[in-house]
Amino acid sequence: MGGMAALTMAAIIWLPCLHYFFTKPAANFHQDQGISPTARQLAARHLRLWTEPVLREAELNKMRVSNAEWDFMGRSYLVWALANMSLREPVSKKVYLQTMDQIIGETLALEKKEGMYFFLMPYAKERNYFVPPAHSLFLDGEIAMMLAARRIVEEKPEYKPLLTERVNAMVGRFTKSPRMLLESYPDECWTFDHCVALDAIKMADWLDGSDHSVLIRNWLAMAKQKLVDPKTGILISSFEVDGTPLAGPEGSSIWMVAHSLQLLDDDFARDQYQRARNHLGAITLGFGYAHEWPKSWKGEANIDSGPIIPVFDVSAGSSGMAFIGASAFDDDNFLKALAATLDFAGFPSRTLGQLKYCASNQVGDAALLYAATLGPLWQKIKTGTRP
């Protein structure tokens, strides 16, 4: 009895102090200028993956067993991160561009050889796409954004027609859709994918002098009216082609959506981040984490949410993506708390200046790298001189 009392007292005294062993300044993860220590170490690991084919194949194969999307999204986040790093550190731009070109080239080659289903989950083949011919906005939007990000860092003439073709195809489908809702999977649309696609269209406008501002404005007006959860004001994550909701607000989606909206509508972006922060973000005893769903919505754990840790309802997927939101909106208090949790529970492995999180995988670490480097790409489009 006395021993239990002593343990209880020790827990009361020491648990509130535990986070101090893992808490570092927010600038250790994301900073306004240059490249943070965490970003540099994560990038070193990813650059190694793309120079050692055997190691990369082993990493990608592990992910593809669970989800082919992760292979694709790992490529996207890494290209976008390297674009930001090129703008942050021009002296290393040549190395970063080489890796970006390698990723883009291999991704396009695989899409051409294997077809779009290579990067989609198996259920994409279980029924026909509602709108023929079959296209996945998930793939088209992220590939377009990869091409655009590469061209913004430094023009590559052969990428211009590839970007124009992909953007024109998306714009054509948006124009033909009565509700401006495009499929990623058969009769399954995602807010995440729409925002990324619209970012890519905005980037192409900046690069090439086209103007799709009316399309973007109309989509945002529609989303504010029809895709917002009435209880929380947060954009729902997925819906059918006719707008029927499939899932409500989800943390694994909204943090990236809020960041994507920064390029399209600053006020709406901040509104969405703040609502997500209020309903999904949490800090307990100095450790930050995020829920997958608000209290008003009951969902089921899936491949995006990751496992849900009971009691605190911690979602691995939402907590990881929350880094993007916290970095994008300069929420240093939340970012520090999230990073403390990552260093405590993510099992960081640091070897020869390279960092990986053993509780994560390549796509998770690539998303973290993007969170740690984001800023310059959006800033250049908003304030820079058009080429």
Distance in nm between label sites at residue 61 and residue 112, each 7 Å beyond Cα in the beta-carbon direction?
2.6
Top of 259, 212, 135 by mean-square fluctuation, Gaussian network on the chain, Cα under 10 Å
212
Hz values of 3J(HN,Hα) by residue in region 325-330 - Karplus curve (6.51, -1.76, 1.60), Gly and Pro given as x:
x, 5, 5, 5, 10, 6
Here FRET efficiency (C-beta to C-beta, residue 226 to residue 312, R₀ 41 Å, nearest 0.05) is 0.80
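Given contacts defined as C-alpha pairs under 8 Å and at least six residues apart, what's the relative contact order of the chain, whole-number percent?
On the way: 592 pairs, mean separation 85.5, N = 387.
Rounded, it is 22 percent for the chain.
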Name the GluC sites (Glu not before Pro) in region 92-169 that are in a loop by DSSP and that have at most 16 other C-beta atoms within 10 Å, would you?
126, 154, 155, 158
Got the relative contact order for region 78-217 handy, in percent, Cα pairs under 8 Å and 6 or more residues apart?
26
Under the Karplus relation with 6.51, -1.76 and 1.60 and θ = phi - 60°, whole-Hz ³J(HN,Hα) for region 189-197, x at Gly and Pro, equal 10, 10, 4, 3, 5, 5, 5, 5, 4
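Using DSSP to define loop residues, name the trypsin sites (Lys or Arg not before Pro) in region 326-377 whose beta-carbon has at most 15 other beta-carbon atoms within 10 Å. Present the calculation step by step, with values, prior to reporting the outcome.
Details: sites: 336, 350, 356; in loops: none.
For trypsin sites (Lys or Arg not before Pro) across region 326-377 that sit outside H, G, I, E and B with at most 15 neighbouring Cβ atoms in 10 Å, the list is empty.
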Excluding residues fewer than 8 places away in the same chain, name every one of the lysines whose C-alpha is closer than 17 Å to that of residue 94.
156
When Lys and Arg each count +1 and Asp and Glu each count -1, what net charge do the other residues less than 14 Å away from residue 272, Cβ to Cβ, add up to?
-3
Using modelled backbone amide H atoms (1.01 Å from N, in-plane), which distant-in-sequence or interchain residues come within less than 5 Å of residue 121's amide H?
69
Quick check: net charge around residue 200, other residues with Cβ under 14 Å of its Cβ, Lys/Arg +1 and Asp/Glu -1?
-1
Kindly give the semi-axes, whole Å and largest first, of the ellipsoid equivalent to the chain, taking each as the square root of 5 times a Cα gyration tensor eigenvalue.
33, 25, 20
Could you pull out every residue, at least 5 positions away or on a different chain, whose amide H is within less than 5 Å of the one on residue 355? Hs are placed 1.01 Å off N in the peptide plane, and Pro or chain starts have none.
42, 44, 45
Could you pull out every one of the aspartates and glutamates with an alpha carbon less than 17 Å from that of residue 356, ignoring same-chain neighbours closer than 8 positions?
52, 57, 59, 71, 343, 365
Long-range amide H contacts for residue 130: which residues qualify at under 5 Å (H placed 1.01 Å from N, peptide plane, sequence gap of 5 or more or a different chain)?
187
Cα-only Debye scattering, region 269-355: base-10 log of I(q)/I(0) at q = 0.11, 0.12 Å⁻¹:
-0.31, -0.36
Could you pull out every one of the aspartates and glutamates with an alpha carbon less than 12 Å from that of residue 295, ignoring same-chain neighbours closer than 8 positions?
250, 313
Residue-by-residue Karplus 3J(HN,Hα) for region 172-185, coefficients 6.51, -1.76, 1.60, Hz, glycine and proline x:
x, 6, 4, 5, 7, 7, x, 10, 6, 10, 10, 7, 9, 10
Per DSSP H run of n ≥ 4, the term is -39500 (n - 2.57); total these for the chain, divide by its residue number, and report the mean residue ellipticity at 222 nm rounded to 500 deg cm²/dmol.
-19000 deg cm²/dmol
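Using r as the Cβ-Cβ distance of residue 162 and residue 295, and R0 as 45 Å, what FRET efficiency do you calculate, to the nearest 0.05?
Details: r = 45 Å, r/R0 = 0.99.
E between residue 162 and residue 295, to the nearest 0.05, is 0.50.
Where a number appears in this text, it was derived from the coordinates with a stated rule and is not lab data. Quantities reported herein were computed from a predicted structural model and do not represent experimental measurements. Every residue, glycine as well, gets a Cβ built from its backbone with ideal geometry; the counts of neighbours run over all protein chains shown.
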